[in-house]
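Please read the structure below before turning to the comments.
The values are calculated or read from the model by the stated rules, or taken from the named source; none is laboratory data. The model shown is predicted, which means the values in this text are computed figures rather than measured ones. A quick note on method: Cβ atoms are made from the backbone with ideal geometry, for glycine too, and the neighbour counts reach across all protein chains shown.
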Amino acid sequence: MKNKISFRRLRALCRKETLQILRDPSSNIIAFLLPVVLLFIFGYGINLDSTALRIGLVLEDTGPEARHFADSLYGSPYLRVTTGGNREEMDQAMTVGMVRGFVVVPMDFAEKLKRPTDTSPLMLVTDGAEPNTANFVQNYVTGAWNGWLLQRAAERGEARPAEIGIESRFWFNSSAESRNYIIPGSITIIMTVIGTLLTSLVVAREWERGTMETLLATPVMRSELLLSKLLPYYVLGIISLFLCVGVSVFILHVPFRGSFLVLWGIGTLFLASCLGMGLLLSTLLRNQFNSAQAALNAAFLPALMLSGFIYEIRSMPTIIQAVSYLIPARYFVTAIQTIFQAGTVWTVILRSGLFLLLAAVFFIGLTALKTRRRLE
């Protein structure tokens, strides 16, 4: 009977921990204010869609054809065009970051349009220091150029060469907005910070305030002590999770196609792994400042860099890819992005859930092994 958990003691300990949470402003700020602030920062501050690229235009040919093409660039909703007097001026503007590339319409532009040649009538120079932006510039200018050629041929009644039409569809993210997968991924980062940061303080706080000695003098079992530190913060974390989901769906207008019940299940496993990691650090270090710093370094940075939230894992070196398999956030990113954009895809959910379960068991189990009912 001595090894049996007393629910009366557990309930009393959970009540004590809950009252501490309610009376501690920092816990409420971390659980409720911090997620919303971070979500808006991620939602509005990180945008991989380039919809207002600044480019330059050098018109060495000022004839009607060149001006007509220039009008098509000015009319593009994706480009902000600045006209320059010469190539050197635009080159300097790109060097100082005023434009991300520039288009040169050469002197013989009209002549090259009249005869088929292997040389393009245009020259496009892009800023290769930012390859992603350079690709956007190239694609948008190419699109404007092809659109202008088609319009010109239609106005002149000229026959166009046979073309193969391609109808593009975005299967999940139909609007092709980066926000729709950045925000679900950012929820993972937010829950990582909240889960590890909250529990990284609880045991260390008991040691610093001297209340741990009082607890150890009572008949409280190790399992009861651990559960009393996990359950209240689990409830707090789940509330934060659905607060983030609510803000994402109803304020930031991110589509949600999955099941809230499945999200709760997979979120529970991920939150358990985060809480277990934070509690382990708090148990080992016994100092709030050191525990908080360790939690940010051990949980936040790996989750941000190696979860696939922003950086494509397959493009990383092989050894870094191998390390990413040990990061719980990697699996929750995959699961929550799938739930938001594709719905409940069980093959993805179950595979991610299995790894998150193993991570939760590992961290909570290791914390239980490191917890001793004696002063050291």
Return the residue satisfying two criteria in turn: it lies in the range 1-32 and is surrounded by 16 or more Cβ atoms within 10 Å (Cβ to Cβ) and of a type in the set (S, T, N, Q), and of such residues it is farthest from the chain's Cα centre (by Cα). 18
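Let's see how each residue does on (1) modelled with pLDDT under 90; (2) closer than 26 Å to residue 204 by Cα; (3) surrounded by 16 or more Cβ atoms within 10 Å (Cβ to Cβ):
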{"residue": "243", "(1), (2), (3)": "no, no, yes"}
{"residue": "279", "(1), (2), (3)": "yes, yes, yes"}
{"residue": "282", "(1), (2), (3)": "yes, yes, yes"}
{"residue": "293", "(1), (2), (3)": "yes, yes, no"}
{"residue": "301", "(1), (2), (3)": "yes, yes, no"}
{"residue": "307", "(1), (2), (3)": "yes, no, yes"}
{"residue": "317", "(1), (2), (3)": "yes, no, no"}
{"residue": "324", "(1), (2), (3)": "no, no, yes"}
{"residue": "331", "(1), (2), (3)": "no, no, yes"}
State the number of residues belonging to the range 50-66 that are within 13 Å of residue 99 (Cα to Cα) and either of a type in the set (Val, Ile, Thr) or surrounded by fewer than 16 Cβ atoms within 10 Å (Cβ to Cβ) (or both). 3
How many of the residues making up the range 80-105 are surrounded by 15 or more Cβ atoms within 10 Å (Cβ to Cβ) and among the small types (Gly, Ala, Ser)? 3
Hey, any hits in the range 77-86 for a residue that's touching a Ser or Thr at 6+ places or on another chain (Cβ under 8 Å), outside any loop (DSSP other than H, G, I, E, B) and either modelled with pLDDT of 80 or more or not acidic (Asp, Glu) (or both)? no
Scanning the range 57-109 for residues that are in contact with a strand residue (DSSP E or B) (Cβ under 8 Å, 6 or more places away or on another chain) and among the hydroxyl-bearing types (Ser, Thr, Tyr) gives 74, 78, 82, 83
Keeping to the range 67-79, report how many residues are over 24 Å from residue 110 (Cα atoms) and surrounded by 15 or more Cβ atoms within 10 Å (Cβ to Cβ). 1
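The rows are residues; the columns are (1) among the β-branched types (Val, Ile, Thr); (2) surrounded by fewer than 17 Cβ atoms within 10 Å (Cβ to Cβ); (3) assigned to a helix (DSSP H, G or I).
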| site | (1), (2), (3) |
| --- | --- |
| 199 | yes, no, yes |
| 206 | no, no, yes |
| 218 | yes, yes, no |
| 226 | no, no, yes |
| 249 | yes, yes, yes |
| 255 | no, yes, no |
| 262 | yes, no, yes |
| 266 | yes, no, yes |
Residue 98 being hydrophobic (A, V, I, L, M, F, W, C), assigned by TED's automatic domain parsing to the domain that holds residue 142, under 30 Å from residue 146 (Cα atoms) and assigned to a loop (DSSP other than H, G, I, E, B): yes
